[in-house]
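Input: a single structure, listed below in C-alpha cells.
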Amino acid sequence: LNHVERTPKKTALICGGQKISYAALHSVASHYANCLKAIGVRPGDCVGILAEPGIERIAMVLASHLCGASYM
C-alpha cells in the first residue's frame, strides 16, 4: 500500500494500449480480493486464475496476494 499511498495517480501498468494508475489497480485488486474472501478463500489457499493477458489478470494475481493465497 505504501507505493499506492505515495503515488496514487502514477501509471502502474501499461498493457495492450491500456494503462492504469496505482490507485485504480489497487481498487480493482481489492474488489477481486473481497470476492475471493466472500467465497471462502483463506490465507494459504491456492486460487486458479484463467484470464486473458492484461490488466485484469494482473489485478487477479494481486487479489490472491491480498487474500494471503497463492495462484496458478
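The values are calculated or read from the model by the stated rules, or taken from the named source; none is laboratory data. Keep in mind that this is a model prediction, so the values were computed, not measured. Positions of Cβ are generated from backbone atoms using ideal geometry, with glycine treated the same way; all protein chains shown enter the neighbour counts. Accessible surface is based on the protein model in full, side chains and every heavy atom, while ligands, DNA and RNA are left aside. Shrake-Rupley method; radii C 1.70, N 1.55, O 1.52, S 1.80 Å.
If only the Cβ of Lys and Arg carry +1 and only the Cβ of Asp and Glu carry -1, the dipole of the chain around its Cα centre is close to 220 debye. Place +1 on the Cβ of every Lys and Arg and -1 on the Cβ of every Asp and Glu in the chain, take the dipole about the Cα centre, and give the residue among VAL4, LEU36, MET60 whose Cα lies farthest towards its positive end. Most positive-ward Cα: VAL4.
Keeping every protein chain in place, order SER21, SER64, SER27 by accessible area at 1.4 Å, biggest value first, i.e. largest first. It would help to have the intermediate numbers written out before the result.
Numbers: SER21 30, SER64 0, SER27 70 Å².
The most accessible residue leads, giving SER27, SER21, SER64.
Distant-in-sequence amide contacts of ILE20, defined by a placed amide H-H separation under 5 Å and a gap of 5 or more residues or a different chain, comprise ALA12, LEU13. Accessible area per residue for the chain is 67 Å², calculated with a 1.4 Å probe on protein heavy atoms, without ligands, DNA or RNA. Of ALA24, ALA59, ALA51, the residue with the greatest mean-square motion in the GNM of the chain, using alpha carbon springs below 10 Å, is ALA51. Note on the chain: GNM, Cα springs under 10 Å; of ILE55, ILE20, ILE39, the largest mean-square fluctuation is that of ILE39. Sequentially through segment 63-69, phi angles give Karplus couplings (6.51, -1.76, 1.60; θ = phi - 60°) of 4, 4, 5, 4, 8, x, 9 Hz, Gly and Pro residues having no value and appearing as x. Under 5 Å between amide hydrogens, built in the peptide plane, is the criterion, and for VAL47 it picks out SER70, TYR71, MET72 among residues at least 5 positions away or on other chains. Backbone geometry of segment 29-40 corresponds, through the Karplus equation with coefficients 6.51, -1.76 and 1.60 at θ = phi - 60°, to 3J(HN,Hα) couplings of 4, 5, 4, 5, 4, 5, 5, 5, 5, 5, 9, x Hz, x marking Gly and Pro. The string of couplings for segment 5-19 from the Karplus curve (6.51, -1.76, 1.60, θ = phi - 60°) is 5, 6, 9, x, 8, 5, 5, 9, 8, 10, 8, x, x, 9, 9 Hz, one whole number per residue in order, with x for Gly and Pro.
Quantify, in whole percent, the carbon and sulfur part of the accessible surface of the chain (1.4 Å probe; protein heavy atoms only).
Here it works out to 59 percent.
Look at the alpha carbon pairs under 8 Å that are at least 6 residues apart: their mean separation over the length of the chain gives a relative contact order of 30 percent.
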